[in-house]
Amino acid sequence: MGDIAPVNVVVRNVTDLYAVDIHLFFDASLLEVQDANPVKSGIQIAPGTFLDPAQGYLFKNYADNDAGFVWFVITLLHPAPAVSGEGTLFTVNFQGQASGTSQLRLKAQLVGLTEGEVAPISAVTQGGTIVITP
């Protein structure tokens, strides 16, 4: 098995973010997610600090190494204010399983809260690539 590579999923230039629903897809024959919380059953990733889990509710924090995806859903809870700017939503620690190149693809839904109104935030996602060498 290869080295462990942390991958941060970040949001930039966002205004009034209150919740996210993100899927991250990877090649399961090349990569494996390392559990961020071995005490809890299943495979989890490490929540970031941009949407503080202490001020919200973490609905989904799940990695499936057989299917090659991560699912992360978090929302802030009243009275926590919506956040703006840039920060890390979560971190995935990948370990190489075989030589090759894995694309990382994102599907994201961002939800904003402005003056008490909930509305989707349009977003452009940018995936990435992990190269695993012998």
* Asked: If THR91 satisfies every condition in (1) surrounded by fewer than 16 Cβ atoms within 10 Å (Cβ to Cβ); (2) farther than 25 Å from VAL131 by Cα; (3) touching a residue at least 40 places away in the same chain (Cβ under 8 Å) but one, which is the exception?
  -> (2)
* So which residues in the stretch 119-134 are part of a strand (DSSP E or B) and surrounded by 13 or more Cβ atoms within 10 Å (Cβ to Cβ)? -> ILE121, GLY128, ILE130, ILE132
* Structure fact -> Residue count, the stretch 55-82, condition in a loop (DSSP other than H, G, I, E, B) and either touching a Cys at 6+ places or on another chain (Cβ under 9 Å) or of a type in the set (S, T, N, Q) (or both), comes to 1
* To do: Answer yes or no: is there a residue in the stretch 26-44 that is out of contact with any Gly (no Cβ under 8 Å at 6 or more places or on another chain) and of a type in the set (Ser, Thr, Tyr).
  => yes
* GLY85 fails exactly one of the following numbered conditions: (1) modelled with pLDDT of 95 or more; (2) surrounded by 12 or more Cβ atoms within 10 Å (Cβ to Cβ); (3) not acidic (Asp, Glu). What is the number of that condition? -> (2)
* Does the stretch 95-134 hold any residues that are of a type in the set (Asp, Glu) and at positive phi, and which are they? -> GLU115
* Asked: Just to be sure, is GLN55 free of Cβ contacts under 8 Å to residues at least 60 places away in the same chain, buried (at least 19 other Cβ atoms within 10 Å of the Cβ), of a type in the set (S, T, N, Q) and out of contact with any helix residue (DSSP H, G or I) (no Cβ under 6 Å at 6 or more places or on another chain)?
  -> no
* Structure fact -> Those residues of the stretch 11-54 that are farther than 22 Å from GLY96 by Cβ and either assigned to a strand (DSSP E or B) or of a type outside the set (A, V, I, L, M) (or both) come to a total of 20
* Asked: Are any residues in the stretch 94-108 surrounded by fewer than 14 Cβ atoms within 10 Å (Cβ to Cβ) and within 20 Å of GLN44 (Cβ to Cβ), and if so, which ones?
  -> LYS107
* Looking for whichever is among the hydroxyl-bearing types (Ser, Thr, Tyr), in contact with an Asp or Glu (Cβ under 7 Å, 6 or more places away or on another chain) and in contact (Cβ under 8 Å) with a residue 40 or more places away in the chain here; the options are SER84, SER29. Which one fits? => SER84
* Asked: Can you name every residue in the stretch 1-29 that is of a type in the set (Phe, Trp, Tyr) and in contact with a Ser or Thr (Cβ under 6 Å, 6 or more places away or on another chain)?
  -> PHE26
* **Subset of the stretch 88-122 [over 14 Å from ALA5 (Cβ atoms) and aromatic (Phe, Trp, Tyr)]** => PHE90
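The values are calculated or read from the model by the stated rules, or taken from the named source; none is laboratory data. Note that the coordinates shown come from a computational prediction; the quantities given were computed from them, not determined experimentally. As a convention, Cβ positions derive from the backbone with ideal geometry for all residues, glycine included, and neighbour counts pool all protein chains shown.
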